[in-house]
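One structure below.
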């Protein structure tokens with residue numbers, strides 16, 4: 001099996017604190033993946049405010065970006081046979097109800 005990272009993005013920082021109902025939906029979705037033994041890493045939520053970016057010549061700026069319409073809110077790592085299977089998992093995530101999106105990327109293993 002291959003490993004894929006699912007990168008969650010939202011367009012509004014006010015969405016970073018989900019309601020209890022939204023959290024339960026997310027937890028149910030995650031539990032479904034874990035029940036299939038396909039959850040490699042439950043990941044973490046990433047702060048859109050407490051961040052710094054280090055640029056060339058050691059220039060440090062506030063935040064992970066200067067101008068952006070969406071921010072990375074978190075990630076998980078799953079294992080599946082194909083990227084299509086990982087995409088199908090992503091499609092069931094409730095982030096879409098908030099206008100968010102999910103990027104699916106294969107994790108390249110180095111020998």
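The values are calculated or read from the model by the stated rules, or taken from the named source; none is laboratory data. What you are looking at is a predicted structure, and each value in this text was computed from that prediction instead of being measured. Don't worry about glycine lacking a Cβ; one is built from the backbone with ideal geometry, like all the others, and counts go over all protein chains shown.
Scanning the range 91-103 for residues that are crowded, with 18+ Cβ neighbours inside 10 Å and in a strand (DSSP E or B) yields a single hit, 102.
Note on the range 42-55: residues that are surrounded by 12 or more Cβ atoms within 10 Å (Cβ to Cβ), at negative phi and either at pLDDT 85 or above or assigned to a loop (DSSP other than H, G, I, E, B) (or both) amount to 5.
If you filter the range 64-90 down to residues that are assigned to a loop (DSSP other than H, G, I, E, B) and modelled with pLDDT of 95 or more, you find that the one that is surrounded by the most Cβ atoms within 10 Å (Cβ to Cβ) is 82. Restricting the range 1-26 to residues that are surrounded by fewer than 11 Cβ atoms within 10 Å (Cβ to Cβ) and part of a helix (DSSP H, G or I) leaves a set whose member that is modelled with the highest pLDDT is 21.
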